[in-house]
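Structure, as structure tokens:
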Amino acid sequence: MNLLSAFCLIATAASLGWASEEIKSDEGVLVLTKSNFKQAITDNEFILVEFYAPWCGHCKALAPEYVKAAKALADQDSKIKLGKVDATEETELAEEHQVRGYPTLKFFRNGSPIDYNGGRQADDIVAWLLKKTGPPAKEIKTVEEAKEFIDASNVAVIGFFKDQTTDKAKAFLAAAATIDDYPFGITSEDSVYKEYEAECGSIVLFKKFDEGKVLFEGEATEKNIKKFVAGNSLPLIVEFNHETAQKIFGGDIKSHLLLFLNKGEDHFEKVSEAARAVAKPFKEQVLFVTIDAGEEDHQRILEFFGMKKEEVPAARLIKLEEDMAKYKPETDELSSESIKKFVEDFLAGKLKQHLLSQDLPEDWDKEAVKVLVATNFDSVVFDADKDVLVEFYAPWCGHCKQLAPIYDKVGEHFKDDKSVVVAKIDATANELEHTKITSFPTLKFYPKGGNNVIEYNGPRTFEGLVKFIESGGVDGAGVDEPVEEETEDDDSPRKDEL
């Protein structure tokens, strides 16, 4: 090959992305750009990539943990690498990988991405990555290996099995394969059994808080082992912050006791200790969480519960899997006894949901469009002698604001018709046991003389809405054209940030 041919080949390779370049590292984390991204995910069998924004508070909180995770993996001579992309600079990369929020983390195995759904502390990141790239449980052969394994993480689980083909051992390994947040180990060595006073078939969770270690008891099924780990891997009382949010709201325990306290005030330690004293029996059913109500970032949570700062200290229970059902204690007292009773009554199904309601304005029926709140909704809407159209709106919703003048005009059109009511309700501040709203605006028609409810899906025009009411809810009940709406995840306080 002559010199000219060689230069041509090099130039061609470079243009096709074949030529490699040295990728810069920032404290052990690879700095990725459009020009080196493909090379990074091709040259590294395993790489976790963070798409971040320099101004993002969650990204700033993650940064030191991400660096610690990269160092821990390097110390283990791991093939797993960590990289980062400034998504505000590398907009094409961000769009290509469908980045919609910050930070977004994606794990690439041989160039193929999956979403990262682990925690945001160094231990959690390392545990998740090791689980994704290795066996579900690490083989532990010596006491030294066991000590290193336990010391390396805040939480570690070890199964003591001589025979890994038993049903119990299989259930343990199956649970280990599905839990990414914590490292699992397995051992058959007598010396390790003796060191930790374990019997064959034991499953032990080791942790650097509370009682230090917990022995699994009960029937060893995959479901029960996962429940055991979920219930014992967090402290009895968890403080809500950037690091714990994912574990709290993304965990398997969906019922949470939330204690709204002001950190630094006398009641903080007093109430925390009262809760800690009674939390243990409930740890696999209810997660006990403290929230610093004085933190500016936490004001959205107070708003979601319809609470004011003056109500702190206060307690609420929330059940995530049932439309975010909320419960309020009968008393404002937060002693061990009152907290225990509140949780026991909740678990026994004795509590009624606590539904938010605004105060009923004195002039609620003065204008053509009547104002509804939770307390007067049923009496107005279920009046058997009236056709009632209700707009469920959110104050922040742009589409609701666009609809407002049209809706007011509809109200004016029917204001002298005693058989028709046009009304609206702020669905973010008023909750109804029988009606759950997830997008705004939602328009529902309640015809007289019946119990049926008809949702309006027609064009949001004066003519369309008038026709819908005059037809008794027939014309416009079907989808005439695409209707834009905003969900609770668009602009409102997001549930996954609570």
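Of all residues in region 88-99, those that are within 13 Å of Thr33 (Cβ to Cβ) have Cβ atoms under 6 Å from Cβ atoms of residues that are surrounded by fewer than 19 Cβ atoms within 10 Å (Cβ to Cβ) and charged (D, E, K, R), 6 or more apart or on another chain, in Glu90/Lys34; Glu92/Lys34; Leu93/Lys34.
Pull up region 80-122, narrow it to residues that are acidic (Asp, Glu) and open to solvent by less than 50 Å² (accessible area, probe 1.4 Å), then point me to the one that is farthest from Ile47 (Cα to Cα).
The residue in question is Glu90.
For Ser272, the conditions (1) free of Cβ contacts under 8 Å to residues at least 40 places away in the same chain; (2) farther than 30 Å from Phe160 by Cβ; (3) surrounded by fewer than 16 Cβ atoms within 10 Å (Cβ to Cβ) all hold with the exception of (3).
Report yes if Lys68 is touching a helix residue (DSSP H, G or I) at 6+ places or on another chain (Cβ under 6 Å), over 30 Å from Phe149 (Cβ atoms) and in contact (Cβ under 8 Å) with a residue 24 or more places away in the chain, otherwise no. Step through it out loud before you land on a result.
Working: touching a helix residue (DSSP H, G or I) at 6+ places or on another chain (Cβ under 6 Å): yes; over 30 Å from Phe149 (Cβ atoms): no; in contact (Cβ under 8 Å) with a residue 24 or more places away in the chain: yes.
For Lys68, the condition - touching a helix residue (DSSP H, G or I) at 6+ places or on another chain (Cβ under 6 Å), over 30 Å from Phe149 (Cβ atoms) and in contact (Cβ under 8 Å) with a residue 24 or more places away in the chain - is not met.
When the residues of region 357-392 are narrowed to those that are closer than 22 Å to Lys308 by Cα and touching a Ser or Thr at 6+ places or on another chain (Cβ under 8 Å), which ends up most open to solvent (accessible area, probe 1.4 Å)? Applying the filter and picking the extreme gives Thr375.
Has region 57-75 got at least one residue that is in a loop (DSSP other than H, G, I, E, B) and either modelled with pLDDT of 95 or more or not aliphatic (A, V, I, L, M) (or both)? Can you show your working first?
Initial filter on region 57-75 (in a loop (DSSP other than H, G, I, E, B)): none.
No, the conditions are met nowhere in region 57-75.
A single entry from Lys227, Lys194, Lys207 fulfils the requirement of being more than 27 Å from Phe342 (Cβ to Cβ) and either outside the structural domain of Tyr327 (by the TED database) or of a type outside the set (Lys, Arg) (or both): Lys194. Residues of region 296-314 that are open to solvent by 40 Å² or more (accessible area, probe 1.4 Å) and either under 19 Å from the mean Cα position of the chain (by Cα) or hydroxyl-bearing (Ser, Thr, Tyr) (or both): Asp297, Arg300, Glu303.
If you check Thr187, Thr178, Thr133 for being of a type outside the set (Asp, Glu) and over 26 Å from Thr244 (Cα atoms), only one passes: Thr187. What residue, among those in region 206-235 that are touching a helix residue (DSSP H, G or I) at 6+ places or on another chain (Cβ under 6 Å), of a type outside the set (Val, Ile, Thr) and surrounded by fewer than 19 Cβ atoms within 10 Å (Cβ to Cβ), is nearest to Phe305 (Cα to Cα)? The extreme case among them is Lys226. Yes or no: region 132-148 includes at least one residue that is open to solvent by less than 30 Å² (accessible area, probe 1.4 Å), among the aliphatic types (A, V, I, L, M) and touching a residue at least 60 places away in the same chain (Cβ under 8 Å). Within region 132-148, not a single residue is open to solvent by less than 30 Å² (accessible area, probe 1.4 Å), among the aliphatic types (A, V, I, L, M) and touching a residue at least 60 places away in the same chain (Cβ under 8 Å).
The values are calculated or read from the model by the stated rules, or taken from the named source; none is laboratory data. Quick caveat: nothing in here was measured; it's all calculated off a predicted structure. No Cβ is skipped: glycine too gets one built from the backbone with ideal geometry, and neighbour counts run over all protein chains shown. Accessible surface areas use protein heavy atoms only, side chains included; no ligands, DNA or RNA. Shrake-Rupley method; radii C 1.70, N 1.55, O 1.52, S 1.80 Å.
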